[in-house]
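> I'd like to ask you about the structure that follows.
What follows is calculated from the coordinates using simple rules that are stated; it is not laboratory data. Everything numeric here is computed off the predicted structure, so don't read it as measured data. Please note: Cβ atoms are built from the backbone with ideal geometry, for glycine as well, and neighbour counts cover all protein chains shown.
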Amino acid sequence: MERMKAILTLTAALAFAASPLMTTGFAGFTPGQFPVPQVDPPAQPAGYAFSIWGLIYVWLIAGTGFGLLKRDTHPGWDASRWPLFASLVLGAAWIPVAQLTPVWATVMIWLMLAGAVWALLRAGPQDRWWLRTPIALYAGWLTAASCVALALVVAGYGIVSAQAAALILIAVALVIALAVQWHRRDTPEYALAVIWALVGIVVANAAPANWPVVILCTLGIVALGALAWRGAVAAR
């Protein structure tokens, strides 16, 4: 059973990485997908930040492949496989759904986040670079991405302004990120992925300066950076 779970998780990682190739160029939600068009929403990182997906795809495939070949029955690996599998299966279907409906795509990405965080918290202490690091990068980016998606939805449906949505959901992302990093202090890569997203948001809001968003993100970067540094020192 453990080996079958390892095979399924690798298969899901491959399907997830292949999903962008099966669609016609998805570059995020478009303004016209919302009743209130979201043009340059302050919650969204600069475009370059999304390049982290390439690293995540490759590392997830490498990690799950290593797990199948070398750790197929290891309990520290096995404990994380079902939640990671569930998250990746949803991820493989996410882009087609996002092209049709931002609301259901947002529901899906929060479920993906739940699975990724669960997998990270359940992962064993061994094989940091093969097991925990790829899951941490994936979960960290999803922490930011899920909050960005929800910010666009609540602003796009006129529940609050785009500015208010950005500030509220960035704060939510920081609360989640600090809690997860505190519980998984031996894996600072999680915080680094969130910091990457926050820097992207700062860049997107730098000119003209949206000071409330820039200051909130900067405080988050400092707090997460300090927590990640403590974890990195302790993990030596």
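> By counting other Cβ atoms within 10 Å of each Cβ, how are Tyr138, Tyr190 ranked from fewest to most?
Exposure proxy ranking, most exposed first: Tyr190, Tyr138.
> A further question follows. When the dipole is taken about the Cα centre of the chain, and only Lys, Arg (+1) and Asp, Glu (-1) are charged at their Cβ, what size is it in debye, to the nearest 20?
For the chain, the charge dipole is close to 540 debye.
> Okay, next question. Find how many whole Å separate the alpha carbon centroid of the stretch 94-139 from the alpha carbon centroid of the stretch 42-65.
Here the two parts' Cα centres lie 11 Å apart.
> Starting from 0.36 nm per residue, how many nanometres of slack lie between Ser161 and Leu100 once their C-alpha separation is accounted for? Show your work: numbers first, answer last.
On the way: separation 61, 0.36 × 61 = 21.96 nm, distance 2.31 nm.
Stretched fully, the Ser161-Leu100 segment lengthens by 19.6 nm.
> Additional query: Please report, for the Cα atoms of the stretch 111-236, the Rg to one decimal and the Dmax as a whole number; what are they, in angstrom?
In order Rg, Dmax, the Cα atoms of the stretch 111-236 give 14.8, 48 Å.
> Show that you can apply the helix-only estimate: for the chain, add -39,500 (n - 2.57) for every DSSP H stretch of four or more residues, divide by all residues, and state [θ] at 222 nm to the nearest 500.
Helix contribution divided over all residues of the chain: -25000 deg cm²/dmol.
> Against the globular-protein guess of 2.2 N^0.38 Å, express the Cα radius of gyration of the stretch 15-82 as a ratio, rounded to two decimals.
In units of the 2.2 N^0.38 Å rule of thumb, it is 1.60.
> So how much slack lies between Val36 and Val175, counting 0.36 nm per residue of separation and subtracting their Cα-Cα distance, in nm?
Length difference between fully extended and current span is 47.3 nm.
> Here is a follow-up. Given a cut-off of under 8 Å on Cα pairs at least six residues apart, what relative contact order in percent is computed for the chain?
Details: 365 pairs, mean separation 56.6, N = 236.
Once divided by the residue count of the chain, the mean separation gives 24 percent.
> Another question, if that's okay. Report the normalised scattering of the stretch 48-169 as log10 I(q)/I(0) at q = 0.19, 0.23 Å⁻¹, calculated by the Debye formula with identical scatterers on the alpha carbons.
Result of the Debye calculation: -0.99, -1.28.
> Here's another thing I want to ask about it. What's the extension gain from Ala226 to Leu111 if we count 0.36 nm per residue and subtract their Cα-Cα distance?
38.6 nm
> Averaged over every viewing direction, what's the projected area of the C-alpha convex hull for the chain? Give it in nm², one decimal, please.
For the Cα atoms of the chain, the hull's average projected area reads 11.9 nm².
> I'd like the orientation of helix 102-122 relative to the chain: the angle between its Cα long axis and the longest Cα principal axis, in ° from 0 to 90, rounded to 10.
For helix 102-122, the angle is close to 40 degrees.
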